[in-house]
Every structure is written in C-alpha cells, then in structure tokens.
Amino acid sequence: MSGVLRRLSVLDWIRLALLAVGLLFVATGLLPTETARDSVERIAPLLLFLCAVIVLAELTKEAQVFDVIATRLAIVGRGSYAALFLLCTAFASLVTIFLNLDTTAVLLTPVMLALAPRAKIAPLPLAMTTVWLANTASLLLPVSNLTNLLAMNRVALGTQEFAARMWLPALAGVAATMAFLWAFYWRRGERGEDRYVPPPPPPVADRPLFAIAATACLLFVAAILAGVAIEVAALAAAVAVVVAFVFRDRKKLTWSLVPWQLLVFVTGLFLVVPTLSRIGLDTVMGAIIGTDGHVGGAYRAAAAGAGLSNVVNNLPAYVAGEQVIPPSNHTQLLSLLIGTNLGPIITPWGSLATLLWFEWCRRREVRVPLVKFMLTGAGLAVVGLAVTVGALLLTS
C-alpha cells in the first residue's frame, strides 16, 4: 500500500482531494443527494466512453499502429518539410477528432517525439503540432472532447447534427492553428533545416495484432458516424482489442490501462462545481458570461470560457459556464464550448491534455520555451476564437 501511495504524483493527489471534497459536500448536505445522483447519472455514460476509448487508444499504440502511420507520413513527405507539415497536421487532427484529444496529447506525442531523432527533425515543431491540435481540432464530433459530450446532451443534438453545426468552426480552428504553427514553429527560420531524412519503415512485431487494432479503430469511427451510441461503440472496439491482446500479448494488459485518474477527476468535478454554484458561483459566472443569445453574447461566452480555462482548467470552466446560460441559447452555449476547447492553450494547466503533453516533453527532454509557448498560444487563442465563433455564427 505504501508503495502505491509513493507512486502517486502531485496531480493524482489533487484529483483524489477533489473527489474527497465532493463526497464531503454530499455527506454534509451542502450538495443534496438528489442533485449529486443526477450529476453522476449524467456523466456515467461519458465515463464509460472515456475509459473504453483510452484503453482502445493505449492498446492501439502498443500494437504499433500510431508508430507505423507516423513513420509512413515521414516517408511519404520525402524530405520536404512543407509536405510533412501538412501530413502531420492532418494526422493529429484526425486522431483528435475520432479518438479524443487526450489520445493526441498522451499517445501521439511520444510517437512524434520518437520519430524526430530517426528522421533528424527538430522535436519542438512536432510536439507543438500535437498539443495545439489536441485542443483546437476537438470541435467536430462529440467524441473529440468530454466538453463536447456535455454540450451535445445540453442542446439535444445527435452526432450527425452536432457535426453539421460544428464543421465550419472546426475547419476555421484547424486553419488558424496551421497558420500559427507554420509561422512560429515550422518555417525555415524556426526549424533550422531545409530538409529531413526519411526514416526506414519500422518493423511490426505482431502483424495480426496490428491488423486487429487498426480494424477496431476503423470500425469504431464507422460506428459513431453511423449513429451508434458512443459508449457502446467505444466499448465494443476496446473489448475486441483486449481479447486480441489476451491471445497475442497478455503481459500488456495491466490495470494501468484504466484511466482511473481521469475518472476520479471528472466525478469529483461534477460534485464540487454544482455545490459551488449553489453557494454563489452561478452569480459570478452569470455576471461574466451574461445571457445575450446574439453576436455579442457569443463572443462574450467564448472569451469567458477561454479566460477561465487558462486560470482553472477548461473542464470546470465549461461546467461552471454551462449552468448560467439559458437552455434556449444554443449558439451562446456552443460559443462557450469553443472558448473552453480552443482557448486553453496559453497556460500549461489550461487543459488536462496540455498538462499531460508537458509531462511527455519533460520525459523526452524536449525543451519547451515557456514564454514563447504562452505568447504564441495567446495569439492563436485570440485569432482562433475570433474566426471560429464567426464561423459558428454563420452556421446558426
């Protein structure tokens, strides 16, 4: 037991403390039991999806699917940084859209950083591509981000309806991100080289396992596009890959695959935020966001979501903001969603994905210039919110 406690990081202790505080609020009556039950019932399917999709992504990485794709992209680029830039941004965007932003930050980042020395590529441009697009490309589908799932339920949209409303904002967000990535990290004056060396194809250790994992991911994407409940689609795909690993590589199936930290954090959050809302947070958030359902209210909600995300993290910022926006103000709510998805790229703690990305960069000894990270992130947040909310207003 003492060994387990020693392995807990500072973030783990914060997550456990948040859950403990939430349970204390319920025990003392500050949060009525009925309200707590409603909160937990609301997020239960989301937690099932989150757990299943992360297990799916972790095992897909272990089956070398991401590694093979990333290397193939570098080979297809044939030494051209412009081609590699387009291929990497497309890859990171698609992984974020279909497999969740945490997959891009946690699983794609180490793959990209491992690719860098093999192809003699500066690691920072690849790393910035994953962290920015993990956040800014997470607008198109409900599965892309936990906040999207919450918003989809609030505005009563199915997967296809949500995508129909958000495709133009998502495209605008990715385009703005690509422009900033090229200008500040990928162009010749920043990366320091004219061309890179295409790496050799990586050997695949277990081809049947590789094929099963890749197929499961494709079927998962097809299922959610066909309208299957996201938690059902994710669970079915994860089970298929787990069964394959049982027969092919059982030692990779450990309890560390289960993202208990994320489950604890989200559960605690949905107990703490409703309690704080009952004792005054609603008043503060209402004053900041307002109830204007038109253009001014949309930009105000997006700015409030982005600002609060960079102070306290995007998930509590969305949950707190959602509770003060009138249910009929769909555009204002989706603008808040844009602010909490695209905006938290200024501070290292703006989103969980960014926090996890910083940890990977530290492990790989990739130096991230913090001042440049924050200044370029602030520029992208301002420009990105302006064009993305504008695109949302066009789809109203």
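We did not get these values from a lab; they are worked out from the coordinates using the rules stated. Just so it is clear, the structure is predicted and the values come from calculations on it, not from any experiment. Using ideal geometry, Cβ is built from the backbone for each residue, glycine included, and neighbour counts are taken over all protein chains shown.
A few comments on the model shown:
- Inter-label distance for K120 and L218, nm, one decimal - labels placed 7 Å from Cα along Cα-to-Cβ: 3.5
- Relative compactness, the range 198-343, computed as alpha-carbon Rg over 2.2 N^0.38 Å: 1.44
- Scoring 122-128, 327-333 by mean Cβ neighbours within 10 Å over their residues and listing the highest first yields 122-128, 327-333.
- Eligible aspartates and glutamates near K61 by straight Cα distance, threshold 16 Å, same-chain separation 8 or greater: D102, D206, D249
- Exposure proxy order (Cβ contacts within 10 Å, fewest to most) of K372, K251, K120, K61: K251, K120, K372, K61
- Phi angles of the range 373-379 translate, via the Karplus equation with coefficients 6.51, -1.76, 1.60 and θ = phi - 60°, into HN-Hα couplings of 4, 6, 5, 5, x, 5, x Hz per residue; Gly and Pro are given as x.
- Couplings for the range 24-36, taken from phi via the Karplus curve 6.51 cos²θ - 1.76 cosθ + 1.60 with θ = phi - 60°, read 5, 4, 5, 5, 8, x, 4, 10, x, 4, 5, 5, 4 Hz in order; Gly and Pro are left as x.
- Net length gained if the chain between V76 and V246 were fully extended (0.36 nm per residue, minus Cα distance): 57.8 nm
- 22 Å tail of the calculated P(r), the range 244-323, as % of Cα pairs: 43
- Translational diffusion of the chain was estimated from the Stokes-Einstein equation, with Rh taken as the Kirkwood radius over Cα pairs; at 37 °C and 0.692 mPa s the coefficient is 152 µm²/s.
- For the range 143-160, Karplus couplings with θ = phi - 60° (6.51, -1.76, 1.60), whole Hz, Gly/Pro x: 6, 5, 7, 4, 4, 4, 4, 5, 5, 4, 5, 5, 9, 6, 10, x, 4, 5
- Each of E365 and R278 was given a label point 7 Å from its Cα along the Cα-to-Cβ line. The distance between the two points is 5.2 nm.
- Theoretical ellipticity at 222 nm over the chain - DSSP helices of four or more residues, -39500 (n - 2.57) apiece, nearest 500: -24000 deg cm²/dmol
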